[in-house]
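The values are calculated or read from the model by the stated rules, or taken from the named source; none is laboratory data. In this text the structure is predicted, and so the values were computed from the model without any measurement. Please note: Cβ atoms are built from the backbone with ideal geometry, for glycine as well, and neighbour counts cover all protein chains shown. Accessible surface areas use protein heavy atoms only, side chains included; no ligands, DNA or RNA. Shrake-Rupley method; radii C 1.70, N 1.55, O 1.52, S 1.80 Å.
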Amino acid sequence: MDSVAGRTDRQTLMQHPNEMPDFHRIRALRDEFARFLLSYKFGSDEMLTKINILKEAFELNNDYSPIEHVSFRMKSPDSILEKARRRGIELSLSSIRKNILDIAGIRITCSFNSDVYRLRDILIRQEDVTLLETKDYISQPKPNGYKSLHLLVSIPVFTMDQVEQVPVELQIRTIAMDFWASLEHKIYYKYEGAIPKNLLVELRDAADVANRLDRTMERLHEEVTNLPRAQKVQAAAPLTEMSGELLENLARAAKDPGATP
């Protein structure tokens, strides 16, 4: 597609007010863009199958699964085109395919920090998964406090007459990181990116609380895991009490700008 993909009828009329739009051409462009996006859905389906198999295998063979939750999202045509315009990318399918690599994304939430890296190692060891790029915002958080492990992988998609390598972005994070990121995302869009300074400070404080929660819960998990079975019951009460207190602190820091973690 060598012209603007998915351009609306209204936009066409605004650009050429004295001409009737070619509806057949517009429909063909939309159909072509839909087929383009389909390959990303197929790639995500392949990765989701791998992740769900791992989740079931963990649950069958271990006391717990490090995979707590899995979600999938694919950028809408409008979002893709807006990102292309913002980055000065040519509005053609070949250029979009080459330059926008996060069209399909899968988010995995884990129990603990160590689970994030354990899951990464298992996934990238699979023969048909190719690691293209890693952005480790857990070891190197963003200035605002955002933490997550981003992996860009490529996976083969077999269709009727060809094999296509499709990029899929994986975001792997803990439950506490995911809670913080969800709140930050809502605030960012509420203020259209211009977040007040005091809220930025509170968000950073809340990120510190989430980090303490992650470290404390992982330490407690390791201690309980190493206990003899008879002692695990006795340890359950203080663990629950402490985790409840930390969660309340995290929620208070997120909801009340004046709260102290």
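Rounded to the nearest Hz, the phi-derived 3J(HN,Hα) couplings of the stretch 213-223 under the Karplus curve 6.51 cos²θ - 1.76 cosθ + 1.60 (θ = phi - 60°) are 4, 4, 5, 5, 5, 5, 5, 5, 4, 5, 5, where x marks glycine and proline.
If you roll a 1.4 Å probe over the stretch 55-141 with all protein chains in place, what percent of the accessible area is carbon or sulfur? Kindly include the intermediate steps, with their values, before the conclusion.
Details: 2210 of 4960 Å².
Ligands and nucleic acids excluded, carbon and sulfur reach 45 percent.
Each peptide in 178-186, 55-63 was scored by the mean count of other Cβ atoms within 10 Å over its residues; highest first, the order is 178-186, 55-63.
Computed from the Cα positions only, the extents of the stretch 60-176 along the three principal axes stand at 48, 42, 20 Å, in decreasing order. The share of C-alpha pairs in the stretch 162-219 whose separation exceeds 17 Å stands at 52 percent.
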